[in-house]
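Taking it in order: structure first as structure tokens, then the write-up.
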Amino acid sequence: MDYALHHINNLTLITAPIADANSVTIEIMVKAGSIYEDRRTNGLSHFLEHMFFKGGKKYPTPHSVALALDAIGADYNAYTSDDYAGYYIKCAPLFLETAVDVLQDMMCETAFPEPELEREKGVITQEVMMYEDDPASLVWDKRALAYYGDNSFGRSTLGPVENIQAFTRQDFVDHKRNLYTKDNLVITIAGRIEDEDAVVRLVADAFDSLPEQKKIIEPVFSGVTNNQDGHYAKWTEQNHVIISLPGLDGNHDDKYALKVLTTVLGGNMSSRLFQRIREQEGLCYYIGAGHSASPQYGTIYLRAGMDKWRFAFAKDRMMQELDLLATEWITPEEFETTLNYLRGQTQMGIESSDSLAHFVGRQQLLYGEITTLDQQLERYESLTLDQVNNLKNMFSSDKGFGFWIE
């Protein structure tokens, strides 16, 4: 995996060539997620993501934006998370200039037309309702609010409907000016790059008009505010549960060893949770475990959708598996199988231009440096069974916060 870091016009650009690729992806990632909102502006970052597709100067309508990209056969989309937002266009290499042109107009010349703003309020309200009707997704939002508290780390990315209906055009103008700045974003071009110098100059010139400095500072994570089990009443055919435990932040040296442990517990179909609770006892359809990390904190989680009438027993079984992981050493066979699984998944996860753009761009944006594929594989290969087992004390039922929808 090759990449180059460029600093031009106060912009941070990454080029990551794939010699035999049939596509190229340009992706802009910005530290502009929901943690940068307060209670009144909760949901604004996600709404702004939608508004970038409503037109600028050269492509002044949603239809003209879509038509320009569909005319080159591009894949394109955007997303908003808690700590960043991203916008990408993936296309054939000969259409890269068009992709840059459209993305530049969307990002730098955004018009925020009032009629489109009012129409989109209805669209996003329906998006909120869609997730309200999806308990497997809703439990994540409700759990975050209960676990982290009513603050920028605990509130949902979508925000409440009352906020969505109240946002004004000036809110979007201010939020864009405050966060969509040269010092707060990374632009990545990955895939087939025919002339790297020309591509870098094209992109740097295209986005030179962005403001220089951000005006909103990232909030400091103050820790978990609740360690008592909780639930949210909403009639469903299943109970959906998440059990959360304190994890490691994304800078921690032990994050690779912790990844092995969470994968043994519930990261794939041969994991303990899947085999013992789904396959052997038939208590659920989906079940798994993992570790999510940001630069400031990390969270270990177990999740499942369970038989409502056997829920108490099934939840107890999940807690038992936590205690077993805390008290019993994982076996050499589990260790070796899991290492091979993670090696394979890591390599396959960046074989396309869009996945590679996200892989390098996210690291540079959030951590200020890139750990290459080879370096990550080396970290896994250098792990020992003792290093992994030494983290077992992070797992036990008395550290778990359970939250479910019933």
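What number of residues in region 311-322 are exposed (fewer than 15 other Cβ atoms within 10 Å of the Cβ) and in contact (Cβ under 8 Å) with a residue 12 or more places away in the chain?
2
Give the residues of region 371-396 that are crowded, with 18+ Cβ neighbours inside 10 Å and either modelled with pLDDT under 95 or in contact with a strand residue (DSSP E or B) (Cβ under 9 Å, 6 or more places away or on another chain) (or both), sorted by residue number.
MET394, PHE395
Filtering region 70-98 down to residues that are outside any strand (DSSP E or B) and among the polar types (S, T, N, Q), which residue is nearest to LEU366 (Cα to Cα)?
Looking at residues that are outside any strand (DSSP E or B) and among the polar types (S, T, N, Q), I get SER81.
Could you grab me the full set of residues in region 99-115 that are assigned to a helix (DSSP H, G or I) and not aliphatic (A, V, I, L, M)?
ASP101, GLN104, ASP105, CYS108, GLU114, PRO115
Please go through region 337-355 and pick out each residue that is over 19 Å from ALA293 (Cα atoms), part of a helix (DSSP H, G or I) and either touching a residue at least 40 places away in the same chain (Cβ under 8 Å) or within 14 Å of the chain's Cα centre (by Cα) (or both).
THR337, THR338, LEU339, TYR341, SER353, ASP354
What single numbered condition from (1) modelled with pLDDT of 95 or more; (2) touching a strand residue (DSSP E or B) at 6+ places or on another chain (Cβ under 9 Å); (3) not assigned by TED's automatic domain parsing to the domain that holds GLN363; (4) not in a strand (DSSP E or B) fails to hold for VAL224?
VAL224 satisfies all of (1) modelled with pLDDT of 95 or more; (2) touching a strand residue (DSSP E or B) at 6+ places or on another chain (Cβ under 9 Å); (3) not assigned by TED's automatic domain parsing to the domain that holds GLN363; (4) not in a strand (DSSP E or B) except (1).
Please go through region 249-273 and pick out each residue that is within 23 Å of ILE287 (Cβ to Cβ), in contact with a Phe, Trp or Tyr (Cβ under 9 Å, 6 or more places away or on another chain) and among the small types (Gly, Ala, Ser).
GLY266, GLY267, SER270
Can you name the number of the only condition in (1) modelled with pLDDT of 95 or more; (2) in a loop (DSSP other than H, G, I, E, B); (3) more than 30 Å from GLY290 (Cα to Cα) that GLN170 fails?
The failed condition is (2).
Please pick out the residue among ALA144, ALA136 that is touching a strand residue (DSSP E or B) at 6+ places or on another chain (Cβ under 7 Å) and either surrounded by 14 or more Cβ atoms within 10 Å (Cβ to Cβ) or not aliphatic (A, V, I, L, M) (or both).
Numbers: ALA144 fails: touching a strand residue (DSSP E or B) at 6+ places or on another chain (Cβ under 7 Å).
Result of the check over ALA144, ALA136: ALA136.
The values are calculated or read from the model by the stated rules, or taken from the named source; none is laboratory data. Note that this is a predicted model, so its numbers are computed, not measured. Cβ atoms come from the backbone with ideal geometry, glycine included; neighbour counts cover every protein chain shown.
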